[in-house]
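*Asks:* Please find one structure pasted underneath; my questions will follow.
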Amino acid sequence: MNSTRPIRRPTEHAAIRAVSRSPRRLPPVPALMAALVDAVDRSDREGICLAAHLVVRAAAPMEVGEA
């Protein structure tokens, strides 16, 4: 069966919006610290930045600037 109507597919914008509505679970802080140490040992600048930001987000669940 061929349909002349286009099939609606979620766009990237709609997918990102749907994901942003659900809470994101973060690994425990010790696991993130281990990842940070591993990134430092490997001199992985992107890994260091990512792990450091995740550690801060996991340790302080409130957004920066909220009080």
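*Asks:* What order, most packed first, do the peptides 40-49, 11-20 have when packing is the mean number of other Cβ atoms within 10 Å of each residue? All intermediate terms of the calculation are to be shown ahead of the outcome.
*Replies:* Working: 40-49: 11.5, 11-20: 9.5.
Averaged packing, sorted descending, gives the order 40-49, 11-20.
*Asks:* At what distance in nm do the modelled label points of residue 59 and residue 46 sit from each other, each positioned 7 Å from its Cα along Cα→Cβ?
*Replies:* 2.5 nm
Every read-out reported here was derived from the displayed coordinates using simple, explicitly stated rules and does not represent laboratory data. From a predicted model like this one, the values you see are computed outputs, not experimental measurements. Neighbour counts run over all protein chains shown; Cβ positions are idealised from the backbone, glycine included.
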